[in-house]
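**Student:** Sharing a structure with you now.
The values are calculated or read from the model by the stated rules, or taken from the named source; none is laboratory data. All figures in this text were calculated on a predicted structure; none of them were measured in a lab. A quick note on method: Cβ atoms are made from the backbone with ideal geometry, for glycine too, and the neighbour counts reach across all protein chains shown.
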Amino acid sequence: MCGRYRFGEGIWDEDLAVTMAQAVRIAEKFGVKMKTEGEIRPTDVAPVIAPSARDRSLGAFPMQWGFTHPKRGMLVFNTRMETAQERGMLAGSIDDRRCLVPAECYYEWKKIDPKRKERYAFRATDGSPLFMAGLYIRTSDVRQLPCFTILTQDAQKAIRDLHPRMPVLVPWSRAAEWLSPDTDFLGMLHDLRVEVQAEPA
């Protein structure tokens, strides 16, 4: 799972920086405080990349990380990719509401002993930004902000001893493919591979 990630404004290229500016304008319009740098936690509002509902053009939008499960009352901020299609609340998101969550890195904690954990930062081995696959839902919130969840998968062998799960990572070169409703959901997710490395954080 992924319970923290870091958003670093300075790592985005020129085209993506323009896209992020769109999210800032939308957040200001709705009077929402959106985090554009530093550590992002569940329930924070952060920039998320998704197709526009109007013309399917790629853009960034302010979304809240996580939503309350309607029956269990728990906060849902990660969803296993293997079972996402079985969750009724996400049924409409599989094809129509996919997103990408940009990050400099994400964090996991390894249990050292019953009283101590060590935090690790996971980054792309080539130093590029990470784009975590996600799904979002529309809400009746007065702010009219969507809420997103990050999809997870079994961790790569090299990092499995630190944590058994990891976010599904999408290469930027395949972003448009992932965000298209015409792309097979599980077929593409099983075909993705972005190598990551970890270091104590």
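**Student:** Can you name every residue in the range 37-57 that is buried (at least 16 other Cβ atoms within 10 Å of the Cβ) and not acidic (D, E)?
**Tutor:** Narrowing the range 37-57 to residues buried (at least 16 other Cβ atoms within 10 Å of the Cβ): 40, 42, 44-51.
Across the range 37-57, the qualifying residues are I40, P42, V45, A46, P47, V48, I49, A50, P51.
**Student:** Residues that are in contact (Cβ under 8 Å) with a residue 24 or more places away in the chain, surrounded by 18 or more Cβ atoms within 10 Å (Cβ to Cβ) and in contact with a Lys or Arg (Cβ under 8 Å, 6 or more places away or on another chain): find the helices (runs of 4 or more DSSP H) completely inside the range 92-201 holding 2 or more of those. It would help to see each step written out before you state the result.
**Tutor:** Details: elements: 93-96, 175-179, 185-189.
Result: 175-179.
**Student:** Looking at D96, D113, D126, which one is within 26 Å of I26 (Cβ to Cβ) and among the acidic types (D, E)?
**Tutor:** Values: D113 fails: within 26 Å of I26 (Cβ to Cβ); D126 fails: within 26 Å of I26 (Cβ to Cβ).
Checking each option against the conditions leaves just D96.
For (1) of a type in the set (A, V, I, L, M, F, W, C); (2) within 11 Å of Y136 (Cβ to Cβ); (3) modelled with pLDDT under 90, each residue gets a yes or a no:
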| position | (1), (2), (3) |
| --- | --- |
| R54 | no, no, yes |
| F77 | yes, no, no |
| M81 | yes, no, no |
| D96 | no, yes, yes |
| C99 | yes, yes, no |
| E104 | no, no, no |
| W109 | yes, no, no |
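**Student:** Here's another thing I want to ask about it. Looking at this structure, is A17 aliphatic (A, V, I, L, M), more than 20 Å from R98 (Cβ to Cβ) and either assigned to a helix (DSSP H, G or I) or at pLDDT below 95 (or both)? Quick ask: steps written out before the conclusion?
**Tutor:** On the way: aliphatic (A, V, I, L, M): yes; more than 20 Å from R98 (Cβ to Cβ): yes; either assigned to a helix (DSSP H, G or I) or at pLDDT below 95 (or both): yes.
Answer is yes for this residue.
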